[in-house]
Amino acid sequence: MQLYIIYTQVKKHERQTKIKEIVHSHKVHTQEELGHLLEKASFEVTQATLSRDIAEIPLIKKGGMYYDGSSGTPQLPAQRILGVTLSPPNLLILQTPPGLAQSTAYQIDGAKLKGVAGTVAGDDTIMVATKADQSLKEIKQSILKLFNQSSVGHNRKATNDARQIIN
């Protein structure tokens, strides 16, 4: 069993290294394109595995193309979080630049911040579910501190959208 786990980890590392090589050498616009390029390189991968790899590397999508976010290319915006809306009793809605929500949510989940139950991310919006016994304002500050930000704007549209979703 232990040998299988080591083999799986080696294959994962090789696959993720190949993914980085592909996005450095090709213009990749979709997960489907990335999957086809991996197949050409003799890597069989499911869509679910590819999605996990994209989040773990992390790849970011900017201008409709994937980039290796772990290498610092392209430069990430100074403000990863553009707006935060408190949606009581237990939701925060975060706005990010286009293409950064998934990698930002992945970092929030990985930080295991006190009071954060989990995240759901789209392209430029993240819903942060919080534990009932935590202050939304305290969690907001913890998230901003994680990204070295002291403040963000307030997005009234996100508040209205969140209320529609909840109701």
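The values are calculated or read from the model by the stated rules, or taken from the named source; none is laboratory data. Just so you know, these numbers come straight off a predicted model, no measurement behind them. Here Cβ is always computed from backbone atoms with ideal geometry, including for glycine, and neighbour counts include all displayed protein chains.
Taken together, the residues in the stretch 23-48 that are out of contact with any helix residue (DSSP H, G or I) (no Cβ under 7 Å at 6 or more places or on another chain) and at negative phi amount to 14. Take the conditions (1) farther than 27 Å from I108 by Cα; (2) modelled with pLDDT under 90; (3) surrounded by 12 or more Cβ atoms within 10 Å (Cβ to Cβ); E33 misses just one of them, which is (2).
Of the residues examined, P77 is one that is modelled with pLDDT under 90 and surrounded by fewer than 19 Cβ atoms within 10 Å (Cβ to Cβ). Looking across the stretch 123-141 at every residue that is in a loop (DSSP other than H, G, I, E, B) and in contact with a helix residue (DSSP H, G or I) (Cβ under 8 Å, 6 or more places away or on another chain), the one that is nearest to R80 (Cα to Cα) is identified as D124. For the stretch 112-167, filtered to residues that are at pLDDT below 60 and surrounded by 18 or more Cβ atoms within 10 Å (Cβ to Cβ), the residue that is farthest from S51 (Cα to Cα) is N155.
The one condition from (1) under 16 Å from M65 (Cα atoms); (2) in contact with a helix residue (DSSP H, G or I) (Cβ under 7 Å, 6 or more places away or on another chain) that R15 does not meet is (1).
Using the structure shown, decide if I81 is more than 11 Å from the chain's Cα centre (by Cα), under 29 Å from E138 (Cα atoms) and among the aliphatic types (A, V, I, L, M). The answer is yes for I81.
For the stretch 53-71, taking the residues that are surrounded by 14 or more Cβ atoms within 10 Å (Cβ to Cβ) and assigned to a helix (DSSP H, G or I), the one that is nearest to the chain's Cα centre (by Cα) is identified as A55. In the stretch 39-74, the qualifying residues are those that are touching a Leu at 6+ places or on another chain (Cβ under 7 Å) and modelled with pLDDT of 80 or more, and the one that is farthest from F147 (Cα to Cα) is V45.
Against the definition (over 19 Å from V28 (Cα atoms) and at pLDDT 85 or above), how does S87 come out, yes or no? For S87, the condition - over 19 Å from V28 (Cα atoms) and at pLDDT 85 or above - is met. Restricting the first member to the stretch 87-107 and to residues that are more than 16 Å from L136 (Cα to Cα), and the second to residues that are among the acidic types (D, E), the beta-carbon pairs closer than 6 Å and six or more apart or on different chains are T96/D124; P98/D123; P98/D124; A101/D123; A101/D124.
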